[in-house]
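Structure first, commentary second.
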Amino acid sequence: MSASPQEVGADKPSVYWSDTVDKPKPVVVSNGLNRAPQPVEEVSVATEVFEPSREEIKKLQQELDTKPTFDVQKECASLVEKSNADLKQQITELEKQIRHFRGSEVERERKIILLQKQNINLQKRIDDAKKTRIKK
């Protein structure tokens, strides 16, 4: 039974093995070298189960008891409060900018109205001067 490159190594089509039980055939590698297949190393699997002694359990329990606990709700509340404080500060700054802008806008409007009145007064004086010049 032989396998094609597409069947065996779709992710690595450049290397494939010929599947024969009697006689292993060389491996074809993408650089053109032919090598005999290497036997697969046996991997030992640990079958022992780790069971800590009573002393180790007590020691670990004491470590857990002495470490400060992390309160998720308290931490979240703290972060929310900090975020709210930052947002309130930003809102205050924006309100100050708006008030300043509105104040400068009102002042600008006042100046425009004053200049328009002065312009109207000047225009009247110019018209009066033209009329008196025409009469003479």
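A few comments on the model shown:
- Residue that is surrounded by the most Cβ atoms within 10 Å (Cβ to Cβ), among those in the range 61-86 that are assigned to a helix (DSSP H, G or I) and β-branched (V, I, T): V80
- Hey, Q89 surrounded by 10 or more Cβ atoms within 10 Å (Cβ to Cβ), part of a helix (DSSP H, G or I) and modelled with pLDDT of 90 or more or not: yes
The values are calculated or read from the model by the stated rules, or taken from the named source; none is laboratory data. Fair warning: this is a prediction, and the values are worked out from it, not measured in the lab. In this analysis, Cβ positions are derived from the backbone assuming ideal geometry, glycine residues included, and neighbour counts consider all displayed protein chains.
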